[in-house]
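The values are calculated or read from the model by the stated rules, or taken from the named source; none is laboratory data. These numbers come from a predicted model, not from an experiment. Cβ sites come from the backbone with ideal geometry, for glycine too, and all protein chains shown count toward neighbours.
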Amino acid sequence: MISATRAVALAIAASFAVGACGGVDETYRATKKTQAAIATLKLKLKQRLQAAMAEGPEKAVEVCANEAQAIRQQVASDTGVTLGRASLRLRTPADAAPDWVQAWLEQQGERKVEGLAGLEVIEAHRVRVLVPIGVDGMCVSCHGDEDSLAPDVLKAIKTRYPGDKAFGYAAGDLRGAFWAELTY
């Protein structure tokens, strides 16, 4: 098993090997495009969730249930990048990870997000980027210990997500990852 740092170094070396055939600029653009797609998805989701949280956490549950997948799909459509978010403890099967993301999540396990680097892998004509998701104070309103959630929030979650496993997090925990993949 190689470290994330070594994986990035190998990926950079591979990109230079591809670049010998004139692909460095193309690889660079593809990498920037995947990074930008993740940044856009993160921003749009955060803005929408913050607006919903102003009305109460049960409204944020509605946003996640009714809008989060549509936001992801719109960003993917706008950018041409396949992307999503995943976790070891899914709230919805729609967020199931591709194999390479699942492997990273399993390698990290349940831990704090502090000091955790993401992942960038450059292969022949494919770029994969992963950015860890940390739990912040807002997140524990819906992802904290079940016993500590407001009754109306817990009811909304159980109604919308009968198989939910995304409880038990504390601020600073690794919640999962945003990921993006682009074949060029």
Going by what's in this entry, would PHE167 be described as crowded, with 19+ Cβ neighbours inside 10 Å and modelled with pLDDT of 95 or more?
no
I'd like the residue in the range 56-73 that is under 15 Å from CYS142 (Cα atoms) and of a type in the set (Val, Ile, Thr) and, out of all such residues, is surrounded by the fewest Cβ atoms within 10 Å (Cβ to Cβ).
VAL63
Please go through the range 146-179 and give me each residue that is closer than 16 Å to ALA96 by Cβ and among the aliphatic types (A, V, I, L, M), ordered by number.
ALA166, ALA177
Does the range 103-115 hold any residues that are under 19 Å from GLU181 (Cα atoms) and crowded, with 16+ Cβ neighbours inside 10 Å, and which are they?
TRP104, LEU105
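Is it the case that some residue within the range 93-103 is over 16 Å from the mean Cα position of the chain (by Cα), modelled with pLDDT under 95, part of a helix (DSSP H, G or I) and of a type in the set (A, V, I, L, M)? Show your work before the answer.
Applying the first criterion (over 16 Å from the mean Cα position of the chain (by Cα)) to the range 93-103 yields none.
No, because not a single residue in the range 93-103 is over 16 Å from the mean Cα position of the chain (by Cα), modelled with pLDDT under 95, part of a helix (DSSP H, G or I) and of a type in the set (A, V, I, L, M).
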So for the range 30-48 (the condition being more than 17 Å from the chain's Cα centre (by Cα), outside any loop (DSSP other than H, G, I, E, B) and among the polar types (S, T, N, Q)), does at least one residue qualify?
no
Going through the range 76-90 one residue at a time, which ones are surrounded by 16 or more Cβ atoms within 10 Å (Cβ to Cβ) and more than 13 Å from the chain's Cα centre (by Cα)?
ALA76, THR79, VAL81
If I filter the range 143-163 for residues that are more than 21 Å from LYS46 (Cβ to Cβ), part of a loop (DSSP other than H, G, I, E, B) and either touching a helix residue (DSSP H, G or I) at 6+ places or on another chain (Cβ under 6 Å) or modelled with pLDDT under 95 (or both), do I get at least one hit?
yes
